[in-house]
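Asker: Sharing a structure here in structure tokens format.
The values are calculated or read from the model by the stated rules, or taken from the named source; none is laboratory data. Keep in mind that what you see is a predicted model, and the values were worked out from it rather than measured. Neighbour counts are summed over all protein chains in view; Cβ atoms, including those assigned to glycine, are modelled from backbone coordinates with ideal geometry. Please note that ligands, DNA and RNA were not included when accessible areas were found on the heavy atoms of the full protein model with its side chains. Shrake-Rupley method; radii C 1.70, N 1.55, O 1.52, S 1.80 Å.
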Amino acid sequence: MTDKERLDLYARTLRVRKIEEAIADLYPGQEMRCPVHLSIGQEVTAVAVCSNLKKSDYVFSNHRCHGHYLAKGGDLKRMLAEIYGKAAGCTGGFGGSMHLVDEAAGFMGAVPIVAGTIPIAVGAAFKFKMRKEKRVSVAFFGDAAVEEGVFHEAANFAALHKLPVLFVCENNLYAVYTPLRERQPEQQICGLARAHGIPSSQLHEGDLFDLSGKLRGAVAHVRSGKGPAFVEIFTYRWREHCGPGYDNNIGYRTCEEFESWKSRDPLERTAAILRKAGVLDAETEQRLEKKIAAEIGEAVKFSKAAPFPTRKDYDKRAYA
Ligand SMILES: Cc1ncc(C[n+]2csc(CCOP(=O)(O)OP(=O)(O)O)c2C)c(N)n1
Ligand SMILES: [Mg+2]
């Protein structure tokens, strides 16, 4: 990667962080009336995967979807308007934070039903294969999704038909407040995919460039028509499971564990690499932050001013 490309990737990750921090700050204002699952601390996963994708590739996601949507190029104004429940939102203000979609960007949808979009991503990959299109379908999901039967059905089908789908499991060690060790026997999650005959690897989020490079091979494998691939990426959610705050005080994880992950912030590690290489100086950082803040300010203004959906909009979407 050139210095310019590395700086651009870093800026994209910083943007996701700043947008979610802004959502966290604005949330107590009570104008966003949907639940929000923030991915602060996990952003590099989304950007690293999407850095290897083309616009025509598809991404599917779950309840913690802001980073995936933004990393794939989803429109910020339409995302924020959706979170504010406005008609200009990407699902018309009816879906909220967990139902984002931007077809033009190839972000084909998020659904909060755990594992719900995995078979849909496989179905899209089936379409690509039938039409002989060299496109990749990506399913992002958490460590809890492999506990759903539909994950195994979808993995089996994808392996059998050699479908161009990349399974990305973001293993942040918890499903709500239940740690992995209380939910699964001691095992590697990627081993479950291997049992379905899918090439699998376990990655640590580390820095953005390292992760992006490690994912390149998996995406190339899928695109070349050799069949699906599975990556399990260790990461950590900093904020509470659902909502803008922190929940380290309620006892399901320790402050020490939280601090140890936070001190290894992948975004900060990425910035440090760029600073050391002379690619990111204080002036560039300020310029990036200012640009992002202006974009967020404009999107918030737009979303707050936008009208709510009307009864007519509602009737268009009700089928009974
Ligand atoms: C089928 C189903 N069961 C339960 C829930 C409630 N629920 C919402 S998020 C979640 C945990 C998901 O954990 P994981 O997949 O690891 O994602 P994370 O929240 O850690 O990012 C659960 C159980 C749900 N949305 N769907
Ligand atoms: Mg999890």
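Asker: What residue among THR235, THR45, THR254 shows peak mean-square fluctuation when the chain is described by a Gaussian network model with Cα springs under 10 Å?
Answerer: Comparing THR235, THR45, THR254 in the GNM, the peak value goes to THR254.
Asker: With θ set to phi - 60°, apply the Karplus curve 6.51 cos²θ - 1.76 cosθ + 1.60 along segment 298-308 and write out the HN-Hα couplings as whole Hz, x wherever there is a Gly or Pro.
Answerer: Computed from phi, the couplings for segment 298-308 are 5, 5, 5, 4, 4, 5, 5, 7, 5, x, 6 Hz.
Asker: Report in % the part of the accessible area of segment 28-143 that belongs to carbon and sulfur, leaving out ligands and nucleic acids; probe 1.4 Å. Mind dumping the intermediate values first?
Answerer: Details: 2100 of 3720 Å².
Roughly 56 percent, rounded to a whole number.
Asker: Turning to a different aspect of this structure: Work out, step by step, the length gained on full extension between LEU160 and ARG275: first 0.36 nm times the residue separation, then minus their alpha carbon distance; give nm to one decimal. Could you put the intermediate results ahead of the total?
Answerer: Values: separation 115, 0.36 × 115 = 41.40 nm, distance 4.62 nm.
Roughly 36.8 nm would be gained on extension.
Asker: Would you mind working out the accessible area per residue for the chain, using a 1.4 Å probe, and quoting it in Å²?
Answerer: On the way: 14480 Å² over 320 residues.
Value returned for the chain: 45 Å² of accessible area per residue.
Asker: Something else: Based on the Cβ-Cβ distance of HIS204 and LYS226, what FRET efficiency does E = 1/(1 + (r/R0)^6) give at R0 = 22 Å, to the nearest 0.05? Mind dumping the intermediate values first?
Answerer: Working: r = 25 Å, r/R0 = 1.12.
Efficiency computed from Cβ-Cβ geometry: 0.35.
Asker: Per residue of segment 183-195, what does 6.51 cos²θ - 1.76 cosθ + 1.60 with θ = phi - 60° give for ³J(HN,Hα)? Whole Hz please, x for Gly and Pro, Karplus curve as stated.
Answerer: The phi angles translate into 10, 9, x, 4, 6, 8, 4, 5, x, 5, 6, 4, 5 Hz.
Asker: Pairs to check: LYS86/LYS262; LYS214/LYS276; LYS291/LYS312; LYS86/LYS129; LYS262/LYS304; LYS134/LYS316. Give those whose C-alpha atoms are more than 30 Å from each other in this structure. Each step should come with its number before you reach the end.
Answerer: On the way: LYS86/LYS262 34 Å; LYS214/LYS276 22 Å; LYS291/LYS312 38 Å; LYS86/LYS129 37 Å; LYS262/LYS304 32 Å; LYS134/LYS316 36 Å.
Where the Cα-Cα span goes over 30 Å, the pairs concerned are LYS86/LYS262; LYS291/LYS312; LYS86/LYS129; LYS262/LYS304; LYS134/LYS316.
Asker: Sticking with this one: Hey, can you grab everything whose amide H is under 5 Å from the amide H of GLU240? Only 5+ residues off in sequence or another chain; H modelled, so Pro and N-termini drop out.
Answerer: The answer is GLY245, TYR246, ASP247.
Asker: Only sites in a loop by DSSP and with at most 13 other Cβ atoms within 10 Å count here; which trypsin sites (Lys or Arg not before Pro) in segment 6-80 make the cut? Please list the in-between numbers first.
Answerer: Working: sites: ARG6, ARG12, ARG15, ARG17, LYS18, ARG33, LYS54, LYS55, ARG64, LYS72, LYS77, ARG78; in loops: ARG33, LYS54, LYS55, ARG64, LYS72.
In loop regions of segment 6-80 (DSSP not H, G, I, E or B), the sparsely surrounded trypsin sites (Lys or Arg not before Pro) are ARG33, LYS54, LYS55.
Asker: Next question, about the same structure. Quick one: if the Förster radius is 56 Å, what FRET efficiency do LYS4 and GLU153 give, using the C-beta to C-beta distance and rounding to 0.05?
Answerer: Values: r = 43 Å, r/R0 = 0.77.
That gives a FRET efficiency of 0.80.
Asker: Loop only per DSSP, at most 14 neighbouring Cβ atoms within 10 Å: give me the chymotrypsin sites (Phe, Trp or Tyr not before Pro) in segment 177-285, ordered by residue number.
Answerer: On the way: sites: TYR177, PHE209, PHE230, PHE234, TYR236, TRP238, TYR246, TYR252, PHE258, TRP261; in loops: TYR177, TYR236, TRP238, TYR246, TYR252.
Qualifying residues, ordered by number: TYR177, TYR246, TYR252.
Asker: Run the paramagnetic zone check for ALA87: 7 angstrom along Cα to Cβ, then residues of segment 297-315 with backbone nitrogen under 17 Å.
Answerer: 302-315
Asker: OK, next. Apply the Karplus curve 6.51 cos²θ - 1.76 cosθ + 1.60, θ = phi - 60°, to the phi angles in segment 44-49 and return the couplings in whole Hz, x for Gly and Pro.
Answerer: Taking θ as phi minus 60°, the curve returns 4, 4, 4, 5, 5, 5 Hz for segment 44-49.
Asker: Let me ask you something else. For segment 53-67 and segment 71-126, what is the separation of their C-alpha centers, rounded to whole Å?
Answerer: If we compute the Cα centre of each part, the gap is 8 Å.
Asker: Using r as the Cβ-Cβ distance of ILE113 and GLU283, and R0 as 35 Å, what FRET efficiency do you calculate, to the nearest 0.05? Provide the component values of the computation, followed by the final result.
Answerer: Working: r = 46 Å, r/R0 = 1.31.
With R0 = 35 Å, the Cβ-Cβ based efficiency is 0.15.
Asker: Want the number for ALA320 to PHE94: 0.36 nm per residue separation, take away the alpha-carbon distance, what's left?
Answerer: On the way: separation 226, 0.36 × 226 = 81.36 nm, distance 1.64 nm.
That pair, ALA320 and PHE94, stretches by 79.7 nm at full extension.
Asker: Also: Report the gain in length on full extension from CYS242 to ARG194: 0.36 nm times residue separation, minus Cα-Cα distance, nm rounded to one decimal. Please list the in-between numbers first.
Answerer: Values: separation 48, 0.36 × 48 = 17.28 nm, distance 3.13 nm.
So the chain would gain 14.2 nm between CYS242 and ARG194.
Asker: What spacing in nm lies between the two simple spin-label points modelled at ARG183 and LYS304, each 7 Å away from Cα in the Cβ direction?
Answerer: 3.7
Asker: I've got another one for you. Just list whichever of LYS4/LYS301; LYS77/LYS132; LYS18/LYS127; LYS55/LYS77 have alpha carbons separated by over 24 Å in the model shown. Each step should come with its number before you reach the end.
Answerer: On the way: LYS4/LYS301 31 Å; LYS77/LYS132 34 Å; LYS18/LYS127 36 Å; LYS55/LYS77 19 Å.
From the list (LYS4/LYS301; LYS77/LYS132; LYS18/LYS127; LYS55/LYS77), the Cα-Cα distance tops 24 Å for LYS4/LYS301; LYS77/LYS132; LYS18/LYS127.
Asker: Using amide H atoms built in the peptide plane, which far-off residues or other-chain residues are under 5 Å from ALA110 H to H?
Answerer: Those qualifying (amide H under 5 Å, at least 5 residues apart or on another chain) are SER61, LEU100.
Asker: Under the √(5λ) rule applied to the eigenvalues of the Cα gyration tensor, what semi-axes describe the equivalent ellipsoid of the chain? Give them in Å, descending. Kindly include the intermediate steps, with their values, before the conclusion.
Answerer: Values: eigenvalues 154, 125, 90 Å².
The equivalent ellipsoid of the chain has semi-axes of 28, 25, 21 Å.
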